[in-house]
Amino acid sequence: MSETTESAEREDQDQPVPPRLRRTRITIITIATVVSVLSVLLVLAAWRDDWLISSDKGTTSAEVLSAGRLRSAVTFVTPDGVTQNPKLGVLYPTKLTVGERINVEYSRSDPDLVRVAGRDARVAIIPALSVIVVVWAVALPLLWLLRRIRRRDAERGAPAATA
């Protein structure tokens, strides 16, 4: 790096950040970080649910009562003859159709915790990573733009937009 670039960066860092730009930058970073953390927690929760099912697994056939991309309702009968209709639906419900008979795995100690047989938390990884990538793909250019605005205002010698 040249001396001029280094000294310009030092001068840029010496300039106080206007409150509006600072708050905007903090808000963008906070939102992107919170969404990223929530995405990771979603995958961890899915793994936890899978572990709970696998630790006390029962397998049976179920009928799909309603089918949606995010939630599908099923009903199944446990070996003790009790009909179960999980309140939160079935985990990993993609590509199900109403009336379809599917194999499900459930936690015998908590029959409301049920997933489509053969599916697990791995199906949640790609959507979660996609959300993280998109959030930061939006946040980083915005942060870069805020930095350019700050530098432009510093070069003019005028205070940047203040609140």
Given the condition in contact with a Pro (Cβ under 9 Å, 6 or more places away or on another chain) and either loosely packed, with under 15 Cβ neighbours inside 10 Å or at pLDDT 95 or above (or both), answer yes or no: does some residue in the stretch 33-41 qualify?
yes
Residues of the stretch 45-62 being assigned to a helix (DSSP H, G or I) and of a type in the set (Asp, Glu), in sequence order, are ASP49, ASP50
Test ARG23 against the stated conditions and say whether it is over 16 Å from ALA128 (Cβ atoms) and of a type in the set (D, E, K, R).
yes
Could you tell me whether the stretch 24-44 includes any residue that is assigned to a loop (DSSP other than H, G, I, E, B) and among the small types (Gly, Ala, Ser)?
no
At pLDDT 90 or above and either of a type in the set (Lys, Arg) or touching a helix residue (DSSP H, G or I) at 6+ places or on another chain (Cβ under 6 Å) (or both): is that true of SER130 in this structure?
no
Residue hits (the stretch 63-95; more than 27 Å from PRO127 (Cβ to Cβ) and out of contact with any Ser or Thr (no Cβ under 8 Å at 6 or more places or on another chain)) are ASP80, GLY81, VAL82
Kindly state which strands (runs of 3 or more DSSP E) lie completely within the stretch 63-152 and contain at least 3 residues that are free of Cβ contacts under 8 Å to residues at least 40 places away in the same chain.
73-77
Take GLU155 and decide whether it is over 30 Å from SER36 (Cβ atoms) and assigned to a helix (DSSP H, G or I).
yes
Restricting to the stretch 146-161, name every residue that is of a type in the set (A, V, I, L, M, F, W, C), surrounded by 12 or more Cβ atoms within 10 Å (Cβ to Cβ) and out of contact with any Leu (no Cβ under 9 Å at 6 or more places or on another chain).
ALA154
Exactly one of these conditions fails for THR60: (1) in contact with a Lys or Arg (Cβ under 9 Å, 6 or more places away or on another chain); (2) in contact (Cβ under 8 Å) with a residue 40 or more places away in the chain. Give me its number.
(1)
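The values are calculated or read from the model by the stated rules, or taken from the named source; none is laboratory data. The structure presented is a predicted model; accordingly, all values stated were derived computationally and were not measured. When we count neighbours, we look across all protein chains shown, and the Cβ atoms used for this are built from the backbone with ideal geometry, even at glycine.
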